[in-house]
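Colleague: One structure coming up, written as structure tokens, with questions to follow.
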Amino acid sequence: MIDHSYLPFCILAFVAMFGGALIGIFAARALPEHHLSSASASAVKLSTTIIVSLTSLVLALMLTSANSSFSINTGILKKLSSDLIHLDNILRLYGPEANEARTNLRAYATKKNEELFVASERSPTENREASILLDTLLSAILVLSPTDRQQTALVSQAQGITANLYAERWMLWENPGTTVPVQFLFVLIFWLFLIFLSFGIFAPVNVTVITSFFLSALAVTGAILLILELGDPMHRSWIQVSSDPLRNAILEIGRP
């Protein structure tokens, strides 16, 4: 599912590129002939090369940042899943007295999975429900009364892992997603407009050229969309981290 907040930027980028090419094609017909000389073409191509280089560098940096965000979110989700399984094992070792805490743990894991991967849209209500379940889990652990050294150590470990669950929950919920500022996207779109404008000025007018501009603009737009989606993998984006680790954790902690 595509995050619709990115669609306006992508549509604007496509219109800027393809529109710029068309403006260049038709503007060339109104320009004096000496403006279209080989010397003029060389100067325009030289300046365009600088903008193309900057744009390529920016897109590469955006891709690197987006890939980093995707990897970080994947790592957090795997750590969350691992902590859920680890906590369940500790509570199982503690004994029957920890059954209530295990039940609360399963409820929280299920709600977290629904919040991240099942619900059609994340909402503050779901976040509060998950928060309440996690608080209930912590309360169930705190009321445990260890009777020997082993149970005391298990309770201490359980409290530490629960603290990790709190941190991981907020890291996934509050993740800012793509770090590309809106103003920067507008500058990038303006650069792309200038590039296609320069292409159109010295291009012949025929269907092949116009089709080429259309497909090129569409390809660049698709690349921008993929980069933005890749950088925001936990907010109902088209490219989303795998839910397998969390689902496997739910299956593991669901066994008796």
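The values are calculated or read from the model by the stated rules, or taken from the named source; none is laboratory data. From a predicted model like this one, the values you see are computed outputs, not experimental measurements. Glycine also receives a Cβ, built like all others from the backbone with ideal geometry; neighbour counts cover every protein chain displayed.
Colleague: I'd like to know if region 50-62 contains one or more residues that are farther than 12 Å from ILE195 by Cβ, in contact with a Gly (Cβ under 7 Å, 6 or more places away or on another chain) and buried (at least 18 other Cβ atoms within 10 Å of the Cβ).
Modeller: no
Colleague: Additional query: Search region 84-122 for residues being under 30 Å from TRP238 (Cβ atoms) and touching an Asp or Glu at 6+ places or on another chain (Cβ under 7 Å), and hand back the single one that is modelled with the lowest pLDDT.
Modeller: Only one residue fits best here, namely ARG122.
Colleague: Now a separate question. Please work out which residue is modelled with the lowest pLDDT, limiting yourself to region 226-248 and to residues that are closer than 18 Å to PHE9 by Cβ and surrounded by fewer than 21 Cβ atoms within 10 Å (Cβ to Cβ).
Modeller: The residue in question is ARG236.
Colleague: Out of the residues in region 69-83 meeting the condition of being within 19 Å of the chain's Cα centre (by Cα) and farther than 11 Å from PRO233 by Cβ, tell me which one is surrounded by the fewest Cβ atoms within 10 Å (Cβ to Cβ). Give the steps one after another, and end with the answer.
Modeller: Taking region 69-83 as the starting set, the residues that turn out to be within 19 Å of the chain's Cα centre (by Cα) are 69-80.
With the extra rule that they be farther than 11 Å from PRO233 by Cβ, the set shrinks to 75, 78-80.
Details: GLY75: 11, LYS78: 16, LYS79: 16, LEU80: 22.
Of everything passing the filter in region 69-83, GLY75 is surrounded by the fewest Cβ atoms within 10 Å (Cβ to Cβ).
Colleague: Turning to a different aspect of this structure: If I filter region 1-36 down to residues being at pLDDT 80 or above and not in a helix (DSSP H, G or I), which single residue comes out as nearest to the chain's Cα centre (by Cα)?
Modeller: TYR6
Colleague: While we're looking at this one, here's another question. Enumerate the pairs (first residue in region 148-164 and on the phi > 0 side of the Ramachandran plot and surrounded by fewer than 12 Cβ atoms within 10 Å (Cβ to Cβ); second residue anywhere and of a type in the set (A, V, I, L, M, F, W, C) and modelled with pLDDT under 95) with beta-carbon separation below 6 Å, excluding pairs fewer than 6 apart on the same chain, so at least 6 apart or on different chains.
Modeller: Listed by first residue and then by second, the contacts come to nothing, as the list is empty.
Colleague: What is the residue count in region 48-94 for residues that are more than 30 Å from ILE189 (Cα to Cα), in contact (Cβ under 8 Å) with a residue 40 or more places away in the chain and of a type outside the set (Val, Ile, Thr)?
Modeller: So the count comes out to 14.
Colleague: Now for a different question. Taking the condition of being modelled with pLDDT of 90 or more, of a type in the set (A, V, I, L, M) and touching a helix residue (DSSP H, G or I) at 6+ places or on another chain (Cβ under 8 Å), how many residues in region 42-53 meet it?
Modeller: Matching residues across region 42-53 total 2.
Colleague: Now for a different question. What's the number of the only condition in (1) at pLDDT 90 or above; (2) more than 24 Å from LEU228 (Cα to Cα) that ARG128 fails to meet?
Modeller: Of (1) at pLDDT 90 or above; (2) more than 24 Å from LEU228 (Cα to Cα), only one is false for ARG128: (1).
Colleague: Moving on. For LYS45, state whether it is among the charged types (D, E, K, R), within 30 Å of GLN240 (Cβ to Cβ) and surrounded by fewer than 17 Cβ atoms within 10 Å (Cβ to Cβ). Steps first, answer last, please.
Modeller: Details: among the charged types (D, E, K, R): yes; within 30 Å of GLN240 (Cβ to Cβ): no; surrounded by fewer than 17 Cβ atoms within 10 Å (Cβ to Cβ): yes.
Judged against the criteria, LYS45 is not a match.
Colleague: Sticking with this one: Out of all the residues in region 83-100, is one or more of a type in the set (Ser, Thr, Tyr) and part of a helix (DSSP H, G or I)?
Modeller: Step one: filter region 83-100 for residues of a type in the set (Ser, Thr, Tyr), giving 94.
Next, from what is left, pick out any that are part of a helix (DSSP H, G or I): 94.
Within region 83-100, one or more residues are of a type in the set (Ser, Thr, Tyr) and part of a helix (DSSP H, G or I).
Colleague: From ALA66, ALA39, which residue is of a type outside the set (Ser, Thr, Tyr), at pLDDT below 95, more than 30 Å from VAL182 (Cα to Cα) and assigned to a helix (DSSP H, G or I)? Before you say what the answer is, go through the steps one by one.
Modeller: Details: ALA66 fails: more than 30 Å from VAL182 (Cα to Cα).
Exactly one of ALA66, ALA39 is of a type outside the set (Ser, Thr, Tyr), at pLDDT below 95, more than 30 Å from VAL182 (Cα to Cα) and assigned to a helix (DSSP H, G or I), namely ALA39.
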